[in-house]
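A.B. asks: Before we start, here is the structure in question, set down as structure tokens.
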Amino acid sequence: MTDAPTVANPAPSLQADRTADRTADRRAAAPTGGLALRGLRKTLGGRDVVDGIDLDVAKGELVSLLGPSGCGKTTTLRMVAGFLPVDGGSVTMGGGDVTALGPERRPSAMVFQNYALWPHMTVTQNVAFPLRTRRVSKQRTAERVRDALELVGLTHHAGSKPTTISGGEQQRVALARAIVQEPNVLLLDEPLSNLDAKLRVSVRDEIRRIQQRLGITTVIVTHDQDEALSVSDRIAVMHDGRIEQVAAPGDLYARPATRFVASFIGATSTVRGAFLADVRAPFTDGDEVLVRPEEVTLADDGPVVATVVRVLMRGHFAEVVLAAGDAELRSFVTGAPPAVGSTTGVRLGSVLVYRDGVLVEATR
Ligand SMILES: Nc1ncnc2c1ncn2[C@@H]1O[C@H](COP(=O)(O)OP(=O)(O)OP(=O)(O)O)[C@@H](O)[C@H]1O
Ligand SMILES: [Mg+2]
């Protein structure tokens, strides 16, 4: 977006990135951060829907905003993009404060949840649309549209109408329509939600590939933890209008800072009753001890004896529900699962201990 005078960083050029793999160099050389949110607030219907969000996204970084329905993700993204005025706080892009600017004056582009393509326009016309209002020459528009379509692998559908292409292809048109604007900051609201499971994975990988190739600072809103874990440099977990934790996917999984984050990322069981005997971490009454299913192993000499009450085949592994008295745990078992009704020894690996909802111990 070359017509945003208040912003210091030049937009990445598609052309410049076509051949060379210079993305990493450019990122390292960039003096200022990509996107910074400070104390972002929004009150809607008398409720603090976004309640003081602070977030830094480095130039070229992909951060997911992950959280349950209604936690304020879309509201946050719309304030970042400029479609919704803030009730407090600031938005900075490429070092420039854009809080008071409308969406067309920000160096960002947003892909909406329901990507709304124009049905009467061809794919090319849809992608070219945002450039029509931006004093971009006809020739330059044609080049940029061609580049964007090539990037998302849709050159062969340039003349097609949206109704004649698949859902995944439509989603990629919406992505091309954002990328053609050469944004410094790409904002995607649930970009995969309308796709079936298989397409979701391929479009997801494609978004990541394009994002890394162009080095675009990106925020993806999702309520799908698998999506967030697989594409993100870092994940910001949102709850009730606030960010509970920001961390790289592996760190988030290994050390969920709050009980809420632990319940939202990956599977956990609460360790109770007889199973507590094998917890090798300090805890007191009132603490909650959680264990991940892959940390629960079946072993003949395991210190706790349990009964196999259910076996669910999950593909390359089985989810096995174990009971000792009235306490239950889940275990992931690869290879032949045990028979329902059989007795087995159980051993616990690392656990997470929460006190008043906050992590106090993570054994490793
Ligand atoms: N115009 C409005 N007036 C009143 N309340 C609103 C308005 N817009 C949104 N809300 C409320 O704000 C909260 C956050 O909405 P938001 O769309 O940001 O959630 P979300 O995290 O994107 O959820 P989802 O995953 O379902 O898309 C919701 O409880 C919603 O009902
Ligand atoms: Mg939403």
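A.B. asks: For the Cα atoms of the chain, what angle does the longest principal axis make with the long axis of helix 138-151, in degrees from 0 to 90, nearest 10?
C.D. replies: It works out to around 20 degrees.
A.B. asks: First compute the accessible area of the chain with a 1.4 Å probe, then give the percent of it belonging to carbon and sulfur atoms.
C.D. replies: Accessible surface attributable to carbon and sulfur in the chain totals 51 percent.
A.B. asks: Additional query: Do the sum for the chain: with -39,500 (n - 2.57) for every DSSP H run of n ≥ 4, divided by all residues, what is the mean residue ellipticity at 222 nm, to the nearest 500 deg cm²/dmol?
C.D. replies: Mean residue ellipticity at 222 nm (helix-derived): -7500 deg cm²/dmol.
A.B. asks: By how many nm would the segment from T133 to A277 grow when fully extended, if each residue of separation counts as 0.36 nm and the alpha-carbon distance is taken off?
C.D. replies: Value of the extension gain: 45.1 nm.
A.B. asks: Follow-up. Can you list which of the trypsin sites (Lys or Arg not before Pro) found in the range 83-179 are DSSP loop residues with at most 10 other C-beta atoms within 10 Å?
C.D. replies: Loop-located and lightly packed - R135.
A.B. asks: Normalised by the number of residues in the range 14-256, what is the relative contact order in percent for Cα pairs under 8 Å and 6+ residues apart?
C.D. replies: 29 percent.
A.B. asks: Compute the helix-to-body angle for 197-214: its Cα long axis versus the longest principal axis of the chain, expressed 0 to 90° and rounded to tens.
C.D. replies: It is inclined by approximately 60 degrees.
A.B. asks: Rounded to the nearest 0.05, what FRET efficiency is calculated for A158 and D240 with R0 set to 45 Å and r the Cβ-Cβ distance?
C.D. replies: The formula returns an efficiency of 0.50 here.
A.B. asks: Nearest 0.05, what FRET efficiency do D48 and S230 give at R0 = 30 Å with Cβ-Cβ as r?
C.D. replies: With a Förster radius of 30 Å, E is 0.45.
A.B. asks: Grab every C-alpha pair in the range 255-310, bin the distances at 5 angstrom width from 0 up to the longest one, and report whole percents.
C.D. replies: Taking every Cα pair in the range 255-310, the percentages come to 4, 14, 26, 26, 17, 10, 2.
A.B. asks: Given G341, L359, S331, which one lies farthest toward the positive end of the charge dipole of the range 224-364, if we put +1 on the Cβ of every Lys and Arg and -1 on the Cβ of every Asp and Glu?
C.D. replies: The Cα lying farthest towards the positive end belongs to G341.
A.B. asks: For the range 172-256, report the convex hull volume of the alpha-carbon atoms normalised per residue, in Å³, without decimals.
C.D. replies: Given the Cα convex hull of the range 172-256, per-residue volume reads 105 Å³.
A.B. asks: Still on this structure, please answer the following. Among 353-364, 206-217, how do they line up from the highest to the lowest mean number of other beta-carbon atoms within 10 Å?
C.D. replies: Top of the packing list down: 206-217, 353-364.
A.B. asks: Before anything else, pin down the relative contact order of the range 130-246: Cα pairs under 8 Å, at least 6 apart, normalised by residue count, whole percent.
C.D. replies: Once normalised by length, the contact order is 21 percent.
A.B. asks: Then there's this: To test your reading of the geometry: what angle, between 0 and 90 degrees and rounded to tens, separates the Cα axis of helix 123-132 from the longest principal axis of the chain?
C.D. replies: For 123-132 against the chain, the angle is about 70 degrees.
A.B. asks: Here is a follow-up. If Lys and Arg each add +1 and Asp and Glu each add -1, what is the summed charge of the other residues whose beta carbon sits under 10 Å from the beta carbon of N126?
C.D. replies: Within the 10 Å Cβ shell, the charges total +2.
A.B. asks: Then there's this: Can you tell me which of 240-246, 198-204, 186-192, 297-303 comes out highest on packing, and rank the rest after it, using the mean Cβ neighbours within 10 Å?
C.D. replies: Per-residue Cβ counts within 10 Å, averaged per peptide and sorted highest first, yield 186-192, 240-246, 198-204, 297-303.
A.B. asks: If you don't mind, there's one more thing I want to ask. Note down the net charge around S331, summing +1 for each Lys or Arg and -1 for each Asp or Glu among other residues with Cβ under 9 Å from its Cβ.
C.D. replies: Spelling it out: positives minus negatives among the neighbours equals -2.
A.B. asks: Then there's this: Suppose a student asked you for the relative contact order of the range 183-332, using Cα pairs under 8 Å spaced at least 6 residues apart; what percent would you report?
C.D. replies: 15
A.B. asks: In nm, to one decimal, how far is the modelled label at Q125 from the one at T307, with both set 7 Å along Cα→Cβ?
C.D. replies: Distance between the two pseudo-spin positions: 6.9 nm.
A.B. asks: Dimensions of the chain along principal axes (Cα, Å, largest first)?
C.D. replies: Result, largest extent first: 74, 44, 43 Å.
A.B. asks: Hey, another quick one. In Å², and per residue, what accessible area does the range 267-362 have when probed at 1.4 Å with the other protein chains present?
C.D. replies: Using a 1.4 Å probe on heavy atoms only, each residue of the range 267-362 averages 50 Å².
A.B. asks: Using a 1.4 angstrom probe, figure out how much accessible area the range 35-105 has per residue, in square angstrom, rounded to the nearest whole.
C.D. replies: 38
A.B. asks: So what's the projected area for the range 50-143, the Cα convex hull averaged over all directions, in nm²?
C.D. replies: Mean projected area for the range 50-143: 8.0 nm², to one decimal.
A.B. asks: If you add up the charges near G96, with Lys and Arg at +1 and Asp and Glu at -1, over every other residue whose beta carbon is less than 11 angstrom from its beta carbon, what do you get?
C.D. replies: Its environment carries a net charge of +1.
A.B. asks: I would also like to ask the following. If Rh is defined by the Kirkwood formula over all Cα pairs and Rg also comes from Cα, what ratio Rg/Rh do you get for the range 212-364?
C.D. replies: Looking at the range 212-364, the ratio lands at 1.03.
The values are calculated or read from the model by the stated rules, or taken from the named source; none is laboratory data. Predicted, not measured: the structure shown is a model, and the values here were computed from it. FYI the Cβ positions are ideal-geometry reconstructions off the backbone, even for glycines, and counts take in every protein chain you see. These accessible areas exclude ligands, DNA and RNA; they are computed on the full protein's heavy atoms, side chains included. Shrake-Rupley method; radii C 1.70, N 1.55, O 1.52, S 1.80 Å.
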